[in-house]
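The values are calculated or read from the model by the stated rules, or taken from the named source; none is laboratory data. Since the structure is predicted, the reported quantities are computational estimates derived from the model, not experimental observations. Neighbour counts are summed over all protein chains in view; Cβ atoms, including those assigned to glycine, are modelled from backbone coordinates with ideal geometry. For accessibility, only protein heavy atoms count, side chains too; no ligands or nucleic acids. Shrake-Rupley method; radii C 1.70, N 1.55, O 1.52, S 1.80 Å.
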Number of protein chains: 2
Amino acid sequence: MYASKYHINTLKEAPAEAEIKSHQLMTRAGMIRKVAGGIYSYMPLGLRVLRKIEAVVREEMNRAGAIELLMPVVQPAELWVESGRWEQYGAELLRMKDRHQRDFVLQPTSEEVITDIARNEIHSWRQLPLNFYHIQTKFRDERRPRFGLMRGREFTMKDAYSFDRDEASAQASYDTMYDAYMRIFQRLGLEFRAVAADTGAIGGSRSHEFQVIADTGEDLIVYNPQSQYAANIELAAAPCLIAQRAAPTAELVKAATPAAPKCEIVAEQLGRPLADTVKSIVLATEDADAAKPATIWLLLLRGDHDLNEVKTGKLPGFENGYRFATETEIQDTFGCVPGYLGPISPPGPVNIIADHTVANMSDFICGANQEGFHYTGVNWGRDLPEPQSADLRNVVAGDPDPQGGRLAIQRGIEVGHVFFLGDKYSRALGATFLETDGKPAMLQMGCYGIGISRIAAAAIEQNHDDKGIVWPRAIAPFEVVICPMGWHKSETVRNAAQALYDQLSAQGVEVMLDDRDTRPGIMFADWELIGVPLRITIGDRGLKDNVVEIQTRRQPEADKVDVAQAAAVALQRLEAL
Amino acid sequence: MYASKYHINTLKEAPAEAEIKSHQLMTRAGMIRKVAGGIYSYMPLGLRVLRKIEAVVREEMNRAGAIELLMPVVQPAELWVESGRWEQYGAELLRMKDRHQRDFVLQPTSEEVITDIARNEIHSWRQLPLNFYHIQTKFRDERRPRFGLMRGREFTMKDAYSFDRDEASAQASYDTMYDAYMRIFQRLGLEFRAVAADTGAIGGSRSHEFQVIADTGEDLIVYNPQSQYAANIELAAAPCLIAQRAAPTAELVKAATPAAPKCEIVAEQLGRPLADTVKSIVLATEDADAAKPATIWLLLLRGDHDLNEVKTGKLPGFENGYRFATETEIQDTFGCVPGYLGPISPPGPVNIIADHTVANMSDFICGANQEGFHYTGVNWGRDLPEPQSADLRNVVAGDPDPQGGRLAIQRGIEVGHVFFLGDKYSRALGATFLETDGKPAMLQMGCYGIGISRIAAAAIEQNHDDKGIVWPRAIAPFEVVICPMGWHKSETVRNAAQALYDQLSAQGVEVMLDDRDTRPGIMFADWELIGVPLRITIGDRGLKDNVVEIQTRRQPEADKVDVAQAAAVALQRLEAL
């Protein structure tokens, strides 16, 4: 491709609303242009990146035996009513009416349509297993779309759906997809982790997220550098940090802690480590009978630990959701304002659950259920009953892994998710097949998503510097850019640049030749911003000595290379990237 | 691909609602499945066809220098308000509100978004010409979606938009696209015509439709088999069929024609040819001042001719549209009921326009403005004033072409349209660039559409037989199907089939190997329905004599071919298709 016949329009400034690097850089590099909040046009350079990601995903899905089809963007409400999601899905589901006032949705995902296809197309166990996928435009009406492609409203996603006879076969389909995802993200050239993930309301134990490692990621990944273990912090088991509870050594004392509604202040006032304090979190669960009062729960965490909301949601009694208790409920139960609550003799009825670590603490500090006072020297069994305990907290870096070593935490961007669905949708839509015994059985389903457009953004979050984007070779819009110094003035330069362009193109390399009449500084800055992995600079001065300059995007300085060897060296460098 | 690992699900019966062959056959072949009215899932076989069409279109667009980008499906209303189409576009424009009650549309086309891009991206004449295109999902909320992919609501379209400095350059861009379209439809293997088309409200003379020839087409194409001339009947000039008006030979007579409100009945009652009669069509145009009465027009056509509504809309005085006159208006103007109206002395004010042929008729028959009566022997100049004349009628087959020869008519399916837009959108959205003199000038635009999904349907309308689809090789889902007789029983057959599969695949041929455990009759019927261009049948009986059977989809009988030559012969046959 010749730059003069292409559309390159870089910007000095990113829009003020662009908060993260990928949004800033894709806009500045001219890869995306905003059409409305969370809705973008992919400009030519950006679309090339998208298509390359799609191609890798498609190849690996096909290799894994998945079959591509294409389901529509606009879907009839009827199917969503059947699955129950017409009611359950929140405002992110964009609903609309056609000219005949019939209800439709813009698809955020295609479980309903694929299950409808399955119930019409799959009749017999002989047809199974089957795995259908499509790469399609999706829409989620985010309340506050931002971060460019990272959290857009209209986006491109690959979603696959497997259909199996039974759970064992479904597990094999799941594993096949897991392996395909591993290959996909390896081929894309991204540093990533497959991470055990929460299965949410559907249950089951099979769910993995594929997280691109980046400091700017929204997800926290718990992993063990010495093992294969990795899990989303939502799911990662937090170990008890105290192997055995020590015997009491201190008396129970009610200490004045004026204006100390937080553990940090209490610890400071009392001159004790934060790890000696216990924080009280009061939650409420509603009874199915709305007339009955809510059940009040007191959850106890060490002062330096944070509540894990996903784990909390899985506690017995929390099946139908929970909320923070109201000030009135707290007053009724503890006779005290928040900030000074504790497990010792609360006046009202309350279920107390201690985090595993708290359950093994001794001589600890907690609220005294009296404003301005905390107890010190609190000991289980002596000052209050032995607690019920559970895993309530988020892992923190340095926690020991029960399997050995210590846990670390890093941030990630979720770009893929594999999920065992069971018969949730097949049951709702009546998608059965005939088993060998001639009797109908429910299809076992799995679903497997990859955020195509999100990968582009995540790749940038992981790979950029002060000058701009540093694309992995596999998804760079062009692999090589040739920058002739004086294309319009020097026939020698023009011939050398053209020859190199022809040689590399003949090898299947995607080359951009910048034949624009621009100054070298501007030309270089453009391609560093755009992030092309390899640059070859050709000028009269070098050609006098038969050399051109070759520089990978991460190299600080260019290498001088004999012009006759330039194509071969460029190919080697590309291969090494 | 192996059939056992693919999804093939043919149906014996087409759905009752499928009125046309392409809809019936794509459904029966398992290529599409209905999700809602006018909304389909492309099943694996159907998607392969779609992707092949896309690939040809993309290659030729790129070759023609157009640059691919991707504009969104969901577009903000603001841009449509700016262009005026938010008001002008009818109910086919699906409008919706997001969660913040902001207005959006599902794009039926992207003039607004591309012009918005152009006004932000194009600053200087140095950047021009530019041609951007995308292949994207579109939505038109048809009142009565039917005919499968032929008139769907959600569909795939390639639309390109050119930007030029001036009309001369825009004409060159138009010609480049015209040439690209010629190559595209040639490569797709379709019989087609580029047809001069009406330019509608935008005016100008540059517009061509690309029509796939098919008896089931909705469009009528006028062409001259002896020349390059072809035009949509909406536009095709209809010649005057009478070179010179003959002198009167008959007296003006008022003849009783009871219960004869149509020319056919009048001609029969009077024992005269239909071509001697003149039909009266009464139209009305509204005055800009709504208080004023409508202007009444009497249009005169030979009894065997039909009114051309597009030509009528271009008559002076018809700029703001027209309608048929009401019965009251007709009574007020002619003092008579419809069916007996004529141009001789109507009591009320009326503008009379005769078709060119009518203007040269003599001794003709027309209504007498009296129920049950017609005049015979009517002659211009003698019985009524010389008429104003215009081209009002549709061409009929056999009309002489003023350039020589005679005109013929065939039916076509519009699959592409190239169109010069001028500055309609650039002016509305203020899309200017700086000319060499530093002054802003309006961008000159062209737009160029191809109905990707519609091509699949049109190809079938043109290429099918009693057994099913007959795909042109270029867009067939698979090029060759190998049908082993006894894959599961005979190792000899299995080895021969596998060897042939490997040989052809290595040559880049897209081969399907039908390894299903089905009876030959069912297997053959499936592939004839699906329309694979070449079938190779391999059985133990043939292999004893070292032969396999090769049969193109249109061949009534298979050829026996030496097994060692089979791959080479198959390739030759494919090339010859």
Query raised in the report: Within region A:150-173, is even one residue in the same structural domain as A:ASP116 (by TED's automatic domain parsing), in a helix (DSSP H, G or I) and within 18 Å of A:VAL49 (Cβ to Cβ)?
Result: yes
Query raised in the report: What pairs can you find where one residue is in region A:395-409 and outside any loop (DSSP other than H, G, I, E, B), the other is of a type in the set (Gly, Ala, Ser) and open to solvent by 20 Å² or more (accessible area, probe 1.4 Å), and their Cβ atoms are less than 7 Å apart, with a gap of 6+ or different chains?
Result: A:ARG406/A:GLY398; A:ALA408/A:ALA397; A:ILE409/A:ALA397
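Of all residues in region A:183-194, which are open to solvent by 50 Å² or more (accessible area, probe 1.4 Å) and either part of a helix (DSSP H, G or I) or closer than 14 Å to A:PHE419 by Cα (or both)?
Within region A:183-194, A:ARG183, A:GLN186, A:ARG187 qualify.
Assess whether A:GLU17 counts as being modelled with pLDDT under 95, surrounded by fewer than 19 Cβ atoms within 10 Å (Cβ to Cβ), within 30 Å of B:GLN101 (Cβ to Cβ) and not aliphatic (A, V, I, L, M).
Against the criterion (modelled with pLDDT under 95, surrounded by fewer than 19 Cβ atoms within 10 Å (Cβ to Cβ), within 30 Å of B:GLN101 (Cβ to Cβ) and not aliphatic (A, V, I, L, M)), A:GLU17 qualifies.
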Requested in this report: Six or more apart or on different chains, Cβ under 6 Å: which pairs go from a residue in region A:235-256 that's among the basic types (Lys, Arg) to one that's modelled with pLDDT of 95 or more? Could you list them?
Outcome: A:ARG245/A:ASN360; A:ARG245/A:SER362; A:LYS254/A:ALA368; A:LYS254/A:PHE373; A:LYS254/A:TYR375
Report task. State whether one or more residues within region A:492-501 are over 19 Å from A:ASP465 (Cβ atoms), in contact with a strand residue (DSSP E or B) (Cβ under 8 Å, 6 or more places away or on another chain), among the hydroxyl-bearing types (Ser, Thr, Tyr) and crowded, with 19+ Cβ neighbours inside 10 Å. Result -> yes
Requested in this report: May I ask you to say which residue of B:ALA250, B:ALA255 is at pLDDT 95 or above and part of a strand (DSSP E or B)?
Outcome: B:ALA255
Query raised in the report: Of everything in region A:93-116 that's among the charged types (D, E, K, R) and open to solvent by less than 10 Å² (accessible area, probe 1.4 Å), which residue is nearest to the other protein chains (Cβ to nearest Cβ)?
Result: A:ASP98
Query raised in the report: Got at least one residue in region B:85-92 being surrounded by fewer than 19 Cβ atoms within 10 Å (Cβ to Cβ), of a type in the set (A, V, I, L, M, F, W, C), touching a residue at least 12 places away in the same chain (Cβ under 8 Å) and at the interface with another protein chain (Cβ under 10 Å from one of its Cβ atoms)?
Result: yes
Report task. Considering only region A:536-572, state which residues are within 24 Å of A:ALA29 (Cα to Cα) and open to solvent by 30 Å² or more (accessible area, probe 1.4 Å). Result -> A:GLU549, A:ARG554, A:GLN555, A:PRO556, A:GLU557, A:ALA558
Query - Residues being farther than 30 Å from A:ALA16 by Cβ and open to solvent by less than 10 Å² (accessible area, probe 1.4 Å) - total across region A:137-165 - result: 7
Report summary line: Apart from one, (1) surrounded by fewer than 22 Cβ atoms within 10 Å (Cβ to Cβ); (2) of a type outside the set (Val, Ile, Thr); (3) at pLDDT 95 or above; (4) over 13 Å from B:MET26 (Cα atoms) all hold for B:GLY486; the odd one out is (3)
Query raised in the report: Looking at (1) open to solvent by 10 Å² or more (accessible area, probe 1.4 Å); (2) aliphatic (A, V, I, L, M); (3) facing chain B (nearest Cβ under 8 Å), can you tell me which one A:LEU11 breaks?
Result: (3)
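Residue by residue through region B:25-46, note down the ones that are among the basic types (Lys, Arg) and either more than 7 Å from chain A (Cβ to nearest Cβ) or closer than 23 Å to B:ARG187 by Cβ (or both).
If the condition is that a residue be among the basic types (Lys, Arg) and either more than 7 Å from chain A (Cβ to nearest Cβ) or closer than 23 Å to B:ARG187 by Cβ (or both), then B:ARG28, B:LYS34 are the ones that fit.
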Query raised in the report: Can you name the residue in region B:117-135 that is in contact (Cβ under 8 Å) with a residue 24 or more places away in the chain and in contact with a Lys or Arg (Cβ under 8 Å, 6 or more places away or on another chain) and is also farthest from the other protein chains (Cβ to nearest Cβ) among such residues?
Result: B:TRP125
Requested in this report: Output yes when any residue across region A:208-229 is of a type in the set (Gly, Ala, Ser) and free of Cβ contacts under 8 Å to residues at least 60 places away in the same chain, and no when none is.
Outcome: no
Report task. Starting from residues that are outside any helix (DSSP H, G or I) and hydrophobic (A, V, I, L, M, F, W, C), keep the ones in region B:258-277 and report whichever is farthest from the chain's Cα centre (by Cα). Result -> B:ALA259
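Looking only at strands (runs of 3 or more DSSP E) that lie completely in region A:453-571, which have at least 2 residues being more than 39 Å from the chain's Cα centre (by Cα)?
Counting at least 2 such residues, we get A:547-552, A:559-562.
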Query raised in the report: Is it the case that some residue within region B:33-44 is under 24 Å from B:HIS134 (Cβ atoms) and among the hydrophobic types (A, V, I, L, M, F, W, C)?
Result: yes
Report summary line: Of B:THR295, B:THR328, B:THR376, B:THR312, the only residue that is touching a residue at least 12 places away in the same chain (Cβ under 8 Å), more than 30 Å from B:THR199 (Cα to Cα) and among the hydroxyl-bearing types (Ser, Thr, Tyr) is B:THR376
Query raised in the report: Of the residues A:VAL73, A:VAL49, A:VAL56, which single one is within 7 Å of chain B (Cβ to nearest Cβ) and β-branched (Val, Ile, Thr)?
Result: A:VAL73
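Do any strands (runs of 3 or more DSSP E) lying entirely in region A:295-372 carry at least 1 residues that are touching a strand residue (DSSP E or B) at 6+ places or on another chain (Cβ under 6 Å) and open to solvent by 10 Å² or more (accessible area, probe 1.4 Å), and which ones are they?
A:295-302, A:351-355
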Query - Inter-residue pairs, beta-carbon under 7 Å, first without any contact (Cβ under 8 Å) to a residue 40 or more places away in the chain and in region A:431-458, second part of a loop (DSSP other than H, G, I, E, B), 6+ apart - result: A:MET442/A:ASP423
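For A:HIS134, are the conditions met, namely being closer than 20 Å to A:GLU111 by Cα and open to solvent by 30 Å² or more (accessible area, probe 1.4 Å)?
Considered against the rule, which asks whether it is closer than 20 Å to A:GLU111 by Cα and open to solvent by 30 Å² or more (accessible area, probe 1.4 Å), A:HIS134 comes out as no.
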